[in-house]
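Engineer: There's a structure below that I have some questions on.
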Amino acid sequence: MRFIFLFSIVLICVSCTKDIKEKSISNQKSLDLQVREAYMEGIKALEQGDVLFAARKFNEVEILFPQSDLAPKALLMSAYSYYAQDYYDDCIEELERFLKVYPKHKRKDYAYYLLAISHYEQIVDERKDLFSILQAREYFEYINANYPNTEYSIDATFKLELIDDILAAKEMYIGRYYIDRKKWIPAINRFKNVVNDYDTTIYIEEALYRLVEVYYLLGLKEESKKYAKLLGYNYESSQWYENSYALFDKKYEQNKINKLKIEKDKQKNFLKKIQSIFN
């Protein structure tokens, strides 16, 4: 009798355990289904252009089932949803959270690239605040250092060249501002920054000329000639080199005008001769 009782208890326990497991599996399937449904709703909303609803559904995936393989992917999709509609600050916030929560995820390269692009897209011009420019530069350099030979690195290299042009433009803008106000030393420092840090940009020729010009105005002829020689050696055919040459040769501009006048006179005489043939 005692044996039958104990056996009955075991059967009840086994039955209860089985029910719990089946219920747990059922709940797990139900939760997994909810996660996938929420994710697909986010995809559909994104395709339809409703980015805010899409971002909300992607966040829902992460909240419902953070252990799911879809959770980090959903967080990236949430960031992209914001980016697609120019909500750059929200996109950056999501990406920073992604890198904090999933520091070893295989799509870190994409997260860093989207971070860089989100800052890059907020660059207005060289006269505005530098924060977005410097942040974009930092992330693009990180991509080049950690993910070379990738499509992200190729674009990062191109974007870094554009960023250098923007930073050089800012230095030139401030340097010219100082020249207008006859603040020679700050102006020199700005133009030297271009020569030393942005010598591959389109502003290098003007920066060299401005140094020639400012040093000449200060009466520092030898220093002025040094930069004039550097400008002539590297950019002999440049208009900026012609401008610097004119500083030292006061007759240069007049000689140039006279030369052009002679050329024009020759051309007129030639045309007269041609016309006389047909008269």
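Here, each number is a calculation from the coordinates, and none is a lab measurement. Keep in mind it's a predicted model, so treat the numbers as computed, not measured. Heads up, the Cβs are rebuilt from the backbone with ideal geometry, glycines too, and the neighbour counts pull from every protein chain shown.
Engineer: Please sort by residue number the chymotrypsin sites (Phe, Trp or Tyr not before Pro) in the stretch 80-168 whose DSSP state is loop and whose Cβ has at most 14 other Cβ atoms within 10 Å.
Structural biologist: Here no loop site has a sparse enough neighbourhood.
Engineer: While we're here: Exactly which GluC sites (Glu not before Pro) in the stretch 145-250 are in a DSSP loop and have at most 12 other Cβ atoms within 10 Å?
Structural biologist: Numbers: sites: GLU151, GLU161, GLU171, GLU205, GLU206, GLU213, GLU222, GLU223, GLU236, GLU242; in loops: GLU236.
Qualifying residues, ordered by number: GLU236.
Engineer: Now a separate question. Please give me, ordered by residue number, the trypsin sites (Lys or Arg not before Pro) of the stretch 85-114 that lie in loop per DSSP and have at most 16 other Cβ atoms within 10 Å.
Structural biologist: Passing sites in the stretch 85-114 are LYS104, LYS106, ARG107.
Engineer: Quick check on my link table: of LYS104/LYS170; LYS104/LYS159; LYS57/LYS100; LYS106/LYS170; LYS159/LYS226, which ones sit more than 28 Å apart, alpha carbon to alpha carbon?
Structural biologist: Too far apart for the 28 Å limit: LYS104/LYS170; LYS106/LYS170; LYS159/LYS226.
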